[in-house]
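Step one of this worksheet: look at the structure below.
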Amino acid sequence: MVKNLRSFTLDGVQQAFSTDWLKREPALLLAQGFADKPALWLNAVILIEALLDAMFGLSNLEIAQAKLGWWVDEADLTVSGAPRHPLTQEMGAQQAKVLPDLTRAALAWMLLSTAADASAQRSQFGEFARAASALVDEGDCTAMWTELALKRQLQLHAKPDRFGPCVFSRARLAEFQLKASVVSARGYLLEPDRVLQAPALIAELHCTQERLNSAVQSQDRGARSATRAYAVLHAREAARWAKAAAIKKSAPLVSAAPGILGVICAWRAART
């Protein structure tokens, strides 16, 4: 049976921070109900998503690096027993041990060279995905976190008015038919009129859907997993976005409540 969000306790500050993410990512609310320790799982995933937000969601490279640098410091403080953030203050001891690896992997990713192809692109997320898998502590879900990271990058960069810092070059620009030929010294793309083309977007979303579903199916089913449920919900969302893009020829990449079929698919993925 799926536990309700009310089945575990969050303090006031932690709940206020988590509520914003639960509104933004409806899949979190459903998936956490399959976790053995919902509060710890929710903490871990929201923190991972916050790091991905900093990696892909800011329009200035220096600000992105500064924000990730703050998280690196916060990870060290958490290990030493002096956390400042509501998420790290409620983090388990085992999670605290692996947090520095996660935050440093996020910051290191910003300095990597542009990936030559899709395989290299996924490989660049390897260190971050492995650390994310260790943080949620539900078996090896590295492949799932690799695809979830790529999906988040695609979502944040597929908007006509959103072109981010120079790390956007890590997206598959040739396949997206973007011509970011001039980049300023501060890391801004200077051709904001170049929009992601619908055929390339649809192909990428279908690829993400297939890889997420494959990662879920290939994981050992020795225990119930909220992460598998979360990945399946994102795979369904990628399929929905692809269908919308095919109809509207645009990129309406907005998260929505999973619906009854989403609940059933999440339950099937999460169970042993």
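Using a/c under 1.5 as the rounded threshold, could you call segment 34-85 rounded, prolate or oblate? The axes a ≥ b ≥ c are square roots of the C-alpha gyration tensor eigenvalues, and prolate needs a/b larger than b/c, oblate otherwise. Oblate.
Given the pairs K67/K97; K37/K151; K151/K243; K37/K97; K67/K151, which are separated by over 23 angstrom at their Cα positions? Those over the limit are K37/K151. Overall, segment 202-272 carries a charge dipole of about 180 debye about its Cα centre when +1 sits on the Cβ of Lys and Arg and -1 on the Cβ of Asp and Glu, all other atoms neutral.
Spin-label pair D36-L22: with each label point 7 Å from Cα along the Cα-Cβ axis, the two points sit 2.3 nm from one another.
The HN-Hα couplings worked out from phi for segment 90-102 by the Karplus form 6.51 cos²θ - 1.76 cosθ + 1.60 (θ = phi - 60°) are 9, 7, x, 4, 5, 4, 4, 5, 9, 4, x, 4, 5 Hz, whole numbers, x standing for Gly and Pro. Of the Cα atoms belonging to segment 45-128, the radius of gyration and Dmax stand at 13.4, 41 Å. The figure for W267 is an accessible area of roughly 120 square angstrom, using a 1.4 Å probe on the protein chains alone.
The values are calculated or read from the model by the stated rules, or taken from the named source; none is laboratory data. On a predicted model such as this, the values are computed, not experimentally measured, just so you know. With ideal geometry, Cβ positions are generated from the backbone for all residues, glycine too; neighbour counts draw on all protein chains shown. For accessibility, only protein heavy atoms count, side chains too; no ligands or nucleic acids. Shrake-Rupley method; radii C 1.70, N 1.55, O 1.52, S 1.80 Å.
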